[in-house]
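Q: Have a look at the structure that comes next, please.
Any read-out appearing in this document is the output of simple, stated calculations on the displayed coordinates, not a laboratory observation. Fair warning: this is a prediction, and the values are worked out from it, not measured in the lab. Here the Cβ positions follow ideal geometry from the backbone for every residue, glycine too, while neighbour counts run over all protein chains shown.
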Ligand SMILES: NC(=O)c1ccc[n+]([C@@H]2O[C@H](COP(=O)([O-])OP(=O)(O)OC[C@H]3O[C@@H](n4cnc5c(N)ncnc54)[C@H](O)[C@@H]3O)[C@@H](O)[C@H]2O)c1
């Protein structure tokens, strides 16, 4: 069994805290009867459907096709027809004979994901903006598909509880969920964290997470776009779609802190954040910096910093402090009683996650990364809400929060732009 299969399941207490136990029982009863196709022989073709045909979606399709010979990209979905058409051209060129998406298997619109799931695929790649992940993942697992699921998996606690439930459903149906938290598949990072967990720097006494980067893309505004279209095209800048950058991007760092702590969840957090440079209304309402301190029940703290600003100090790494030394995770360095640096091979971690997914499907030892991807998503949401509200937030408060950022309807037209969150003026719902 790989370490991914042994990732901790939520304890009964944790699982029931999500108030989902009873729901899981109900929805599973309805869906467990579905027969799942068996691919153990390795000679039959695995058909793959892509949902969300942007930068990462195109990349994930290539990674999936690199996993083995007997895979084909057979269906694609994007909410926008132009994005779909562009991706089709790119992937046809890149994938050559492994690209078999004809016009009848290329879908657009808000319900395009369902059409891909119902098109006879075996595996679905979920690479749309994070808001849609809980519903799309649920639909894929209910339909008996194996899933590659990009990070983060939700933008609010309602979404996280849904994904926890779907994760359990996938376990019971023996379906794969491989997470796009790609560092968990990187050889150098895996070996560095293993050495720390084997005691190379003694007990962990503290962690510092830096994700300090520059600015990102913006896709402009066309006069014919409705506000919904504007927000969907510029999804990064709207918390209901992206979760804000602490959730969308800094989750990679928070996931490594969670992993270092044995996938045990923090007890509470508080933080500071705001919107200092990226203040133009075109940037929606997200912040441009966050600093969050997470505390675990054993007193260990993670001090996490993330910023998206041009012209500032940049650094992306994880600093681990121990009773007998220190380590830098992305630099793959451990400085304890002996100094060590990873010097092994470094194949693409993006390819590795797909190789693991397809090997699991072929062998029947299906990978399910669902629990940690939910926990790191909730860690990020909890940090965001601590900064937005200015309050100290416990894990239980975060998990039980009723926050649901979904719009009233998924249709082109008008939609409100939320106010920029002002700390000290509200509480987590
Ligand atoms: N693991 C990584 O290192 C990594 C790197 C980049 C992005 N990502 C993640 O991948 C996801 C996509 O990011 P991206 O950079 O490709 O963004 P992108 O904007 O380039 O692509 C997203 C695509 O999804 C489409 N889309 C939006 N709503 C949809 C819906 N309801 N159904 C179908 N398609 C829909 C958009 O039109 C767009 O084409 C995000 O969750 C992001 O966090 C992960």
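Q: Scaled to the compact-protein estimate 2.2 N^0.38 Å, what is the alpha-carbon radius of gyration of the stretch 222-274, rounded to two decimal places?
A: Computed over Cα atoms of the stretch 222-274, the ratio equals 1.60.
Q: While we're on this one: Would you give the gap between the C-alpha center of the stretch 293-339 and the C-alpha center of the stretch 102-134, rounded to a whole Å?
A: Cα centres, the stretch 293-339 to the stretch 102-134: 38 Å.
Q: Still on this structure, I have one more. In whole angstrom, how long is each semi-axis of the equivalent ellipsoid of the chain, when you take the square root of 5 times every eigenvalue of its Cα gyration tensor and sort them from largest down?
A: Three semi-axes, in Å: 31, 27, 22.
Q: Can you grab the distance from the C-alpha centre of the stretch 340-361 to the C-alpha centre of the stretch 248-263, Å, no decimals?
A: Their Cα centres are 18 Å away from one another.
Q: Now, a different point. Rounded to the nearest 500, what is the chain's calculated 222 nm mean residue ellipticity when only DSSP H runs of at least 4 contribute -39500 (n - 2.57) each, over all residues?
A: Value at 222 nm, helices only: -10500 deg cm²/dmol.
Q: So if each residue of separation counts as 0.36 nm, and I subtract the Cα-Cα distance between residue 404 and residue 80, what length gain in nm does that give?
A: Extra length available between residue 404 and residue 80 comes to 114.2 nm.
Q: Top mean-square fluctuation among 188, 120, 243, Gaussian network model of the chain, C-alpha springs under 10 Å?
A: Between 188, 120, 243, it is 120 that shows the largest mean-square fluctuation.
Q: Oh, and also: Provide the FRET efficiency to the nearest 0.05 for the residue 89-residue 218 pair, computing r from the beta carbons and using R0 = 25 Å.
A: 0.60
Q: In a Gaussian network model over the chain where Cα atoms closer than 10 Å are linked, find which of 302, 377, 394 has the largest mean-square fluctuation.
A: 394
Q: If you don't mind, there's one more thing I want to ask. Comparing 172, 208, 222, which has the greatest mean-square fluctuation in the GNM of the chain with Cα pairs linked when under 10 Å apart?
A: Most flexible of the set in this elastic network: 222.
Q: Right, something else. Any chance you could check the Cα centroid distance between the stretch 366-429 and the stretch 166-208 for me, in angstrom?
A: 23
Q: Starting with the highest mean, order 288-297, 128-137, 272-281 by the number of other Cβ atoms within 10 Å, averaged over the residues of each peptide.
A: Most protected by this proxy first, the peptides run 128-137, 288-297, 272-281.
Q: Spin-label point model (7 Å from Cα, Cβ direction): what's the residue 321 to residue 187 distance in nm?
A: The answer from the label model is 3.3 nm.
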